[in-house]
Amino acid sequence: MNAIAQPTRQLVRMRGRSYVAFVFAPVVPIVGWLEEIDATLARSPGFFAGKPVVLDLSEAAIMHLVASLEQRNVRVLGIEGVDPVRLTASMPPLLTGGRSCVLMQNELKKPETKPKPTSLLLENPVRSGQSIVFTEGDVTVLGSVGSGAEIVAGGSIHIYGTLRGRAMAGVNGNSAARIYCQKIEAELLAIDGYYQTAEEIDVALRNRPAQAWLEGDVMRIAPLS
């Protein structure tokens, strides 16, 4: 009598993922803070499109804020900085232990003996819809960054082609970070949380090599000589 082979049971495959979310830390008066959100959306209607948002509500009214942001089509992924007893079942979940993450980095065969990379080099263009996040240091793109794409770096950003998408440098609080590109057509530039949208960038800088940096809490953009 032949033995009947038993089917092999497949194990459930689980893989860890890290996702980047905007963290909103509202300030009082809340009405004025919401007006700033409205101003940002008026300049760039798609600025928060498809982006999860975490609310740091250590100093804010919860229900009013969540409802106000939902009216503006801002997706709230979770809430942090608040006592759990203040949250109801209908509110976004409480998030704790948030930290910076790297979504794209060089693979290390022996991470216990080799230092982590402090820069990321991209030899190919960053196409529309791509999001490159490297919070450990500088990001260099040898090609261009397409419209709708974004580069997020803990250090400076160097783009040897045209910058048409978003470039956000110094995301870990590095106010000394800079953004360089050979041709500026950016949708948004940001350094350490301070930003300028396409509408705010001087039209005289368009299609020219440029750099951006911070002076205090003011972003400066100038041609590269």
Completion exercise
Among Asp217, Asp138, the single one that is open to solvent by 20 Å² or more (accessible area, probe 1.4 Å) and modelled with pLDDT of 95 or more is Asp138
Practice task
Check whether at least one residue in the range 165-173 is surrounded by fewer than 17 Cβ atoms within 10 Å (Cβ to Cβ), of a type outside the set (Gly, Ala, Ser), closer than 25 Å to Ala21 by Cβ and touching an Asp or Glu at 6+ places or on another chain (Cβ under 9 Å), and report yes or no.
Solution key: yes
Exercise for the section: Could you look through the range 152-165, keep only residues that are closer than 15 Å to Asp192 by Cβ and assigned to a strand (DSSP E or B), and pick out the one that is nearest to the chain's Cα centre (by Cα)? Expected result: Val152
Fill in the blank from the handout: Across the range 140-151, the tally of residues that are assigned to a loop (DSSP other than H, G, I, E, B) and out of contact with any Pro (no Cβ under 6 Å at 6 or more places or on another chain) stands at 5
Exercise for the section: Taking Glu199 as meeting all but one of (1) assigned to a strand (DSSP E or B); (2) touching a Lys or Arg at 6+ places or on another chain (Cβ under 6 Å), write down the number of the exception. Expected result: (1)
Problem - Meets criteria (open to solvent by 20 Å² or more (accessible area, probe 1.4 Å), in contact (Cβ under 8 Å) with a residue 40 or more places away in the chain and over 15 Å from the mean Cα position of the chain (by Cα)) for Ser147 - result: yes
Exercise for the section: Inspect the range 187-203 for any residue being surrounded by 22 or more Cβ atoms within 10 Å (Cβ to Cβ), farther than 23 Å from Glu36 by Cβ and not basic (Lys, Arg) and give the result as yes or no. Expected result: no
Problem - Check on Gly155, at positive phi, surrounded by 19 or more Cβ atoms within 10 Å (Cβ to Cβ) and at pLDDT 90 or above - result: no
Practice task
Find all pairs meeting these conditions: Cβ atoms under 7 angstrom apart; at least six residues apart or on different chains; first residue within the range 203-225 and more than 16 Å from Ala169 (Cα to Cα); second residue modelled with pLDDT under 90 and open to solvent by 40 Å² or more (accessible area, probe 1.4 Å).
Solution key: Pro209/Leu224
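The values are calculated or read from the model by the stated rules, or taken from the named source; none is laboratory data. If you're wondering where the values come from, they're calculated on a predicted model, not measured in any experiment. Here Cβ is always computed from backbone atoms with ideal geometry, including for glycine, and neighbour counts include all displayed protein chains. Surface areas here come from the heavy atoms of the whole protein model, side chains and all, with no ligands, DNA or RNA. Shrake-Rupley method; radii C 1.70, N 1.55, O 1.52, S 1.80 Å.
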